[in-house]
Structures are given as structure tokens and as C-alpha cells.
Ligand SMILES: CC/C=C\C/C=C\C/C=C\C=C\CC(=O)SCCNC(=O)CCNC(=O)[C@H](O)C(C)(C)COP(=O)(O)OP(=O)(O)OC[C@H]1O[C@@H](n2cnc3c(N)ncnc32)[C@H](O)[C@@H]1OP(=O)(O)O
């Protein structure tokens with residue numbers, strides 16, 4: 001019976017939940033995915049490794065020093081996710097980091113500082129685009145969080161279906177935007193509310209709280225805390241459990257849960273870009289970012 005279910009589950013709905021929702025999907029070349037048992041692709045910031053026999057793809061961030069989400073990272077992630085979304089051999093995706101101690105430092109602050117309005121617009125559209133791909137993926141998404149995960153790093157984890165965090169008190173996770181003097185946009189907030197509930201999100205976002213693994217587990221921001229050397233293996237074991245559920249049933253259930261949040265973002269996308277560009281280009285906000293970057297550098301010296 002289990003084998004039958006697994007076979008049935010292989011007949012997956014094509015495309016992300018976005019296209020399952022009746023929106024036009026986009027087609028991308030499947031250049032690197034052949035019929036070998038393992039397909040790998042490495043670009044400068046992201047490594048994708050799909051094991052065709054297990055159906056699990058590991059997407060590793062490899063942009064030292066902190067896997068910040070700059071234009072290169074956003075573009076490479078978008079391309080990698082599009083390819084996996086269209087690949088029938090892939091049923092689940094694990095996000096993790098190849099950089100010691102950091103999952104992702106979130107958006108690259110240098111992409112939000114001292115740039116043109118056109119740059120801010122393009123940058124924000126790319127950030128929205130990545131979130132849409134992650135949040136609406138028809139695949140099972142597990143975050144194997146093996147390092148610090150502030151702001152945009154936390155958002156990538158929140159976009160997954162399951163989160164496993166390494167048990168190291170230095171690996172804090174949260175939406176800390178308020179601490180930088182910026183504001184987590186509504187879809188960051190929605191992702192947090194959908195995970196931890198309204199009351200906790202309200203406090204969390206206003207204070208910009210960064211949670212220790214123990215506290216993140218307590219509020220439900222992560223689902224499991226495990227020893228650091230077990231993060232990836234636990235993610236793979238967990239994925240096998242998710243694979244027991246027939247894909248079509250899981251995908252439709254996921255879509256049912258996430259569609260209102262995705263639709264809200266799509267309906268407000270252009271306004272959100274306008275707000276971001278107006279907000280980030282303010283002198284006072286630029287000053288806050290400058291001071292924050294100086295503070296990060298001072299912390300080192
Ligand atoms: C009205 C509202 C309308 C619209 C919405 C408007 C605005 C919303 C706007 C934006 C939302 C943004 C979300 C974000 O993701 S902002 C980014 C937030 N990220 C952080 O705060 C993380 C900061 N970094 C850290 O805390 C640490 O670096 C660390 C814990 C991740 C790692 O610590 P380490 O000690 O290992 O490393 P460091 O020495 O601190 O850093 C090394 C190196 O990297 C630079 N760096 C760190 N983080 C970033 C980053 N996010 N972007 C760019 N660069 C970063 C750091 O300065 C060091 O550089 P140098 O080696 O000194 O040159």
C-alpha cells in the first residue's frame with residue numbers, strides 16, 4: 001500500500017501553486033537536468049544538487065561571508081527554483097547553507113543603500129519574486145537552518161513547510177527589521193503571522209526580536225531543534241515522511257492554506273514596490289542603514 005501511495009504521489013501536479021491557481025506559468029530551459037541519478041549545478045552563490053533516486057534536491061547557499069541576498073543570489077535562486085519546480089524527479093527541496101555559522105544574513109544592505117531608484121525597484125521586484133517562488137512552490141520545502149537567520153534569511157525559512165534549526169545559541173532567527181530602523185513589509189509580516197500566530201508576531205515584529213533556538217522552538221518559529229551535525233540528515237529523514245503523503249493531496253492542501261497570502265501580495269505588488277522605493281530612498285532611512293553597516297563593522301574590530 002505504501003509503495004502504491006508513493007507511486008501515486010509521483011504523479012504530481014505540474015508547476016508551482018501559483019500556476020495551479022490558474023495564473024500563467026513561465027517556461028525555462030531545463031539545461032542541466034538530464035536522466036542521471038544525480039544532477040548538480042553550481043553557480044556563484046547557490047549550489048543545487050538533485051538526487052533523482054530520492055527525489056530530494058538540496059539547495060545550498062554559498063555566498064560568503066554571510067549569504068546576503070543581493071541581486072546575484074536572488075537571480076540564481078529564482079532560476080534554480082524554476083528548474084526544480086518543473087522537474088518531475090524532484091519532490092522535495094531542502095534549503096541550507098554551505099557557509100559556516102550563517103544560514104543567510106538576509107537582504108544585502110548594499111543593494112538598499114546609495115543606489116538609484118531604478119535599482120531599488122528592480123531589487124525589490126526580485127525579492128518579491130523569490131518569496132513568491134518559495135512560498136508558492138508545489139514541492140515540499142524544508143529549511144535546514146545551520147546558522148544565523150535574520151530578516152530575509154528568516155523569511156526564506158518561513159516560506160518553507162518545515163523548519164529545523166541547529167542547536168547553537170548563537171544561531172538566532174527572527175524578523176529584526178525594526179532594529180535597523182526599517183519596516184518588515186506586509187508579506188514578511190503575513191509569513192510570520194501564518195507561522196507563529198498574530199499575538200506573537202505582533203510583538204516579534206515591533207521589537208525585531210531575534211530568537212535563540214530554544215525560544216524559536218517555544219513560539220513555533222521552528223519545528224525542531226537538533227544538534228548542528230544532524231541538521232541536514234534530519235531534514236532528509238523528515239522529507240521521507242512528507243513523501244508518504246500523495247503529492248496531489250498535499251499540494252492542494254498547501255495551496256488552500258497559502259493562496260490568500262499569495263493573492264494579497266499579487267494584488268498589492270506594485271504598491272508594495274512603490275512603498276519600498278519611497279521608503280528606502282528617504283534620507284533618514286539611508287542614514288539608519290549607514291549607521292547599521294558601520295555598527296556591523298565596528299563589532300568586528
Ligand atoms: C512603509 C513600509 C514600506 C515598505 C517596506 C520598506 C522597507 C522594508 C525594507 C527592507 C527589508 C529588509 C529585510 C532584510 O533582510 S534587511 C537585512 C537585515 N540583516 C541583518 O540585520 C543581518 C546583519 N548581519 C549580522 O547580524 C551578522 O553579519 C551575522 C549574524 C549574519 C553574521 O555575523 P558574523 O560575525 O559571522 O559576520 P559579520 O562580521 O557581522 O559580517 C561579515 C561581513 O558581512 C557584512 N554583512 C553582514 N550582513 C550583511 C547584510 N545583510 N548585507 C550586506 N552585508 C552584510 C558585514 O558588514 C561584514 O562586512 P565586512 O567584512 O566588514 O566588510
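Just one of the numbered conditions (1) surrounded by 20 or more Cβ atoms within 10 Å (Cβ to Cβ); (2) free of Cβ contacts under 8 Å to residues at least 40 places away in the same chain; (3) within 10 Å of the ligand (Cβ to nearest atom); (4) more than 27 Å from residue 238 (Cα to Cα) is not true of residue 209; which one?
Every condition holds for residue 209 apart from (3).
Quick grid of which residues meet (1) under 14 Å from the mean Cα position of the chain (by Cα); (2) modelled with pLDDT of 95 or more; (3) surrounded by 23 or more Cβ atoms within 10 Å (Cβ to Cβ); (4) in a helix (DSSP H, G or I):
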| position | (1), (2), (3), (4) |
| --- | --- |
| 96 | yes, yes, no, no |
| 104 | yes, yes, yes, no |
| 118 | no, yes, no, yes |
| 121 | no, yes, no, yes |
| 128 | yes, yes, no, yes |
| 141 | yes, yes, yes, no |
| 149 | yes, yes, yes, no |
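Identify all residues within the range 160-173 that are more than 13 Å from the ligand (Cβ to nearest atom), part of a loop (DSSP other than H, G, I, E, B) and within 17 Å of the chain's Cα centre (by Cα); write none if there are none.
If the condition is that a residue be more than 13 Å from the ligand (Cβ to nearest atom), part of a loop (DSSP other than H, G, I, E, B) and within 17 Å of the chain's Cα centre (by Cα), then 160, 161 are the ones that fit.
Being closer than 19 Å to residue 186 by Cα and either touching a residue at least 40 places away in the same chain (Cβ under 8 Å) or within 18 Å of the chain's Cα centre (by Cα) (or both) is the filter here; which residues of the range 238-262 pass it?
Passing the criteria: 257, 258, 259, 261, 262.
Looking at 55, 70, which one is touching a residue at least 12 places away in the same chain (Cβ under 8 Å), in contact with a helix residue (DSSP H, G or I) (Cβ under 9 Å, 6 or more places away or on another chain) and at positive phi?
55
For the list (1) touching a helix residue (DSSP H, G or I) at 6+ places or on another chain (Cβ under 8 Å); (2) crowded, with 21+ Cβ neighbours inside 10 Å, I need the number of the one condition that residue 224 fails.
Of everything listed in (1) touching a helix residue (DSSP H, G or I) at 6+ places or on another chain (Cβ under 8 Å); (2) crowded, with 21+ Cβ neighbours inside 10 Å, residue 224 misses just condition (2).
Can you find a residue in the range 187-198 that is within 8 Å of the ligand (Cβ to nearest atom) and in contact with a helix residue (DSSP H, G or I) (Cβ under 6 Å, 6 or more places away or on another chain)?
yes
Tell me which residues, restricted to the range 267-285, are part of a helix (DSSP H, G or I) and surrounded by 14 or more Cβ atoms within 10 Å (Cβ to Cβ).
The answer is 269, 272, 273, 275, 276, 277, 279, 280, 285.
Here are the criteria: (1) away from the ligand (no atom under 14 Å from the Cβ); (2) closer than 24 Å to residue 271 by Cα; (3) touching a strand residue (DSSP E or B) at 6+ places or on another chain (Cβ under 6 Å). Tell me which single one residue 176 does not satisfy.
So the condition that residue 176 fails would be (1).
Quick test of your reading of the structure: residue 114 fulfils all but one of (1) surrounded by fewer than 18 Cβ atoms within 10 Å (Cβ to Cβ); (2) part of a helix (DSSP H, G or I); (3) in contact (Cβ under 8 Å) with a residue 24 or more places away in the chain. Name the failing condition by number.
Of everything listed in (1) surrounded by fewer than 18 Cβ atoms within 10 Å (Cβ to Cβ); (2) part of a helix (DSSP H, G or I); (3) in contact (Cβ under 8 Å) with a residue 24 or more places away in the chain, residue 114 misses just condition (2).
Exactly one of these conditions fails for residue 202: (1) assigned to a helix (DSSP H, G or I); (2) touching a helix residue (DSSP H, G or I) at 6+ places or on another chain (Cβ under 7 Å). Give me its number.
Going through the list (1) assigned to a helix (DSSP H, G or I); (2) touching a helix residue (DSSP H, G or I) at 6+ places or on another chain (Cβ under 7 Å), residue 202 breaks only (2).
Go through the range 111-157 and count every residue that is under 24 Å from residue 285 (Cα atoms) and more than 12 Å from the ligand (Cβ to nearest atom).
Counting residues in the range 111-157 that are under 24 Å from residue 285 (Cα atoms) and more than 12 Å from the ligand (Cβ to nearest atom) gives 11.
So how many residues does the range 278-289 have that are more than 9 Å from the ligand (Cβ to nearest atom) and modelled with pLDDT of 95 or more?
Within the range 278-289, residues that are more than 9 Å from the ligand (Cβ to nearest atom) and modelled with pLDDT of 95 or more number 6.
The values are calculated or read from the model by the stated rules, or taken from the named source; none is laboratory data. Quick caveat, the model's predicted, so the values are computed rather than measured. So basically every Cβ, Gly included, is an ideal-geometry build from the backbone, and we count neighbours across all protein chains shown.
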